[in-house]
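Student: Handing you this structure, nothing more for now.
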Amino acid sequence: MAKAITADTWVWVVVEDPGGDEQFLGQFDEKRNISFIPAFYQKEDAQQCFAQMHRQKEKKYEVQATFFGELAIDAAKHGFMIFMLNREGEILEKIQPRSGQAGSK
């Protein structure tokens, strides 16, 4: 069962180039032709799933907490969905953020 998500819910994401030109690590699902940002309710789940994510070897990555509202704004701006995942990488919830609507499903 998915948790209720609001703009001020903390979620865990992988950040590319922390401390530099930071951005959320997005993924592409070729089967569904969907770009998404993986997000997690628990830090440990994000850390465990990180090994399964596609990334560039020369980049640095870090698991960080962020407010869901900030993630939703950025995802909408760049055309990404948000997939809430568990530690096995299974989708708990698919969220299509809309511009100007932080924290909504």
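The values are calculated or read from the model by the stated rules, or taken from the named source; none is laboratory data. Because the structure is predicted, anything quoted here is derived from the model rather than measured. So basically every Cβ, Gly included, is an ideal-geometry build from the backbone, and we count neighbours across all protein chains shown. We work out accessible area using only protein heavy atoms, side chains counted, and drop any ligands, DNA or RNA first. Shrake-Rupley method; radii C 1.70, N 1.55, O 1.52, S 1.80 Å.
Student: Looking at the stretch 18-38, I want the residues that are part of a strand (DSSP E or B) and have a partner that is of a type in the set (Gly, Ala, Ser) and at pLDDT 95 or above with Cβ atoms under 6 Å, at least 6 apart or on another chain. Which pairs are those?
Tutor: PHE28/SER35; SER35/GLY26; ILE37/GLY26; ILE37/ALA75
Student: Also: When you go through GLU58, GLU70 one by one, which is the residue that is part of a helix (DSSP H, G or I) and either among the β-branched types (Val, Ile, Thr) or open to solvent by 100 Å² or more (accessible area, probe 1.4 Å) (or both)?
Tutor: The conditions single out GLU70.
Student: While we're looking at this one, here's another question. On the basis of being out of contact with any Cys (no Cβ under 7 Å at 6 or more places or on another chain) and open to solvent by 90 Å² or more (accessible area, probe 1.4 Å), does GLN42 make the cut?
Tutor: In short, no.
Student: Checking ILE95 against (1) touching a residue at least 60 places away in the same chain (Cβ under 8 Å); (2) among the hydrophobic types (A, V, I, L, M, F, W, C); (3) under 13 Å from GLY26 (Cα atoms); (4) in contact with a helix residue (DSSP H, G or I) (Cβ under 9 Å, 6 or more places away or on another chain), which test does it fail?
Tutor: (3)
Student: Going through the stretch 73-92 one residue at a time, which ones are open to solvent by less than 80 Å² (accessible area, probe 1.4 Å), in contact (Cβ under 8 Å) with a residue 40 or more places away in the chain and of a type in the set (A, V, I, L, M)?
Tutor: Once the filter is applied, which keeps residues that are open to solvent by less than 80 Å² (accessible area, probe 1.4 Å), in contact (Cβ under 8 Å) with a residue 40 or more places away in the chain and of a type in the set (A, V, I, L, M), the stretch 73-92 yields ALA75, MET81, ILE82, MET84, LEU85.
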